[in-house]
Amino acid sequence: PTRVFSGIQPSGGMHLGNYLGAIRKFVDLQHEYDCHFCVVNMHAITVWQDPQKLLEQTMHIAAAYLAAGVDPEKAVVFHQSGVRAHAELAWILNCVARIGWVNRMTQFKDKAGKDAERASVGLYTYPVLMAADILAYKATHVPVGEDQKQHLELARDVAAKFNHDYDKPDFFPQPEPLIKGQFGETGARIMSLRDGTMKMSKSNPSENSCIYLTDDTDLIAKKIKKAKSDPEPLPTETGGLEDRPEAKNLVGIYATLSGKSVAEVLSEFGGQGFGVFKPALAELVVEKISPISAEMRRLEGDPAFLQGILRKGAERASEVTEPILKEVKETVGYLV
Ligand code: ATP
Ligand code: MG
């Protein structure tokens, strides 16, 4: 059976990359599969979070799920810390994963920066907690952005090593990443508006680098106008976007949001400059995200409602994870 798990960290405001790389896929998947969508607050504290803000951001991510069209009656929507299996399984899997595997993770290097000695131990073992998130459900499919591909590979290795070490060849399935969007590769990696070689991120945003789902029309227009670009007109062929990371990113965003291929977008805008393309892009972004942001604002005005959704979701999620956790504990020789 196909079982889906994914999560988003309440580490800041929800941006266009999270929407296109993750949430939009969730909305499609929920109709067909057994889906679990989590607000991963345990991951968020791998870097310092103000407690009050962490709670608010948790509601913000829950609101984004619902506003984008995730139906909490269909998919299970919950907070990670509300389901004990995540933490308990993470410990066991920390003892399965090898230091050498974790040392290869590029996200740790990016997030820890130059002074890795001062990063939290949690940030270091983050990929193992992510493996636990997925395996606690025996999830088979994980819709994520391109940046999570390496962590998914680690989760697969952890699953295989657990199965091998405890001589249970079929215990954990090998989780498959679902990285491509509905419209192909575009959307799987949305880049910063200020630097086409860095991904758009919640946690280290430079000014004007992110479009947040809650940005208003003027702010979106301003950010896109200020987005880094180059003096050349847009090419007429997709090959002409190579070595032009900023142009490639902006065209990619247009293609993903409009449901057109990059080639189709270029057949429309090829030969024209950014003075024409940027306002068209701003208009499209506003058209697609303003209904979501309006609904997010409405939902965030009722935190008690959102809390109720998450708590009920955590109960439903626990019904899935408890039997799996029990079997894991018996397998490793814990008294249960
Ligand atoms: P942080 O900077 O705190 O890590 P983030 O913006 O990377 O935040 P996450 O909560 O780590 O967001 O990731 C949530 C989901 O969004 C993941 O599936 C991730 O792959 C996806 N995602 C994040 N950034 C992008 C992006 N720029 N383009 C496409 N998908 C993205
Ligand atoms: Mg991230």
How many nm separate the modelled label positions at residue 48 and residue 276, each set 7 Å beyond the Cα in the direction of the Cβ? 5.0 nm
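Quick one: grab the alpha carbon gyration tensor of region 217-297, order the square roots of its eigenvalues as a ≥ b ≥ c, and give me rounded if a/c is under 1.5, else prolate or oblate depending on whether a/b is larger than b/c. Walk me through the numbers on the way to the answer.
Values: a/c = 2.37, a/b = 1.67, b/c = 1.42.
Note, shape of region 217-297 comes out prolate.
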Using a basic spin-label model with each label point 7 Å from the Cα along Cα→Cβ, how many nm lie between residue 168 and residue 101? 1.6 nm
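How high is the FRET efficiency from residue 311 to residue 288, r the C-beta distance, R0 45 Å, rounded to 0.05? Could the numbers behind the result be given before it?
Working: r = 31 Å, r/R0 = 0.69.
E(calc), rounded to 0.05, equals 0.90.
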Using label points projected 7 Å from each Cα along Cα→Cβ, tell me how many nm separate residue 261 and residue 243, to one decimal. 2.5 nm
Pairs from 149/202; 223/248; 111/149; 114/278 whose Cα-Cα separation, in the structure shown, is over 26 Å: 114/278
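Of 32, 322, how do they rank once you tally other Cβ atoms within 10 Å and put the fewest first?
Going from least to most buried by this count: 32, 322.
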Loop-only trypsin sites (Lys or Arg not before Pro) in region 163-210, please: DSSP not H, G, I, E or B, and at most 16 other Cβ atoms within 10 Å. 180
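Over all directions, the average projected area of the alpha-carbon convex hull for region 104-243 comes to how many nm²? Could the numbers behind the result be given before it?
Details: hull surface 48.4 nm².
Averaged projected area of region 104-243's Cα convex hull equals 12.1 nm².
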In Å, what is the Rg of the alpha-carbon atoms in the chain, and how long is Dmax? 20.5, 69
How much of the DSSP bridge set in the chain is antiparallel, in percent, rounded to the nearest 5? 20 percent
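Counting helices only, and only those DSSP H runs with n ≥ 4, report the 222 nm mean residue ellipticity of the chain as the sum of -39,500 (n - 2.57) divided by its residues, in deg cm²/dmol to the nearest 500.
Numbers: 13 runs with 171 residues, N = 336.
One gets -16000 deg cm²/dmol as the mean residue ellipticity at 222 nm.
Laboratory data are not the source of any read-out in this text; all were calculated from the coordinates shown. Worth saying up front: this structure is predicted, and the values here are computed from it rather than measured. Reconstructed Cβ throughout: ideal geometry from the backbone, glycine too, with neighbour counts over all protein chains shown.
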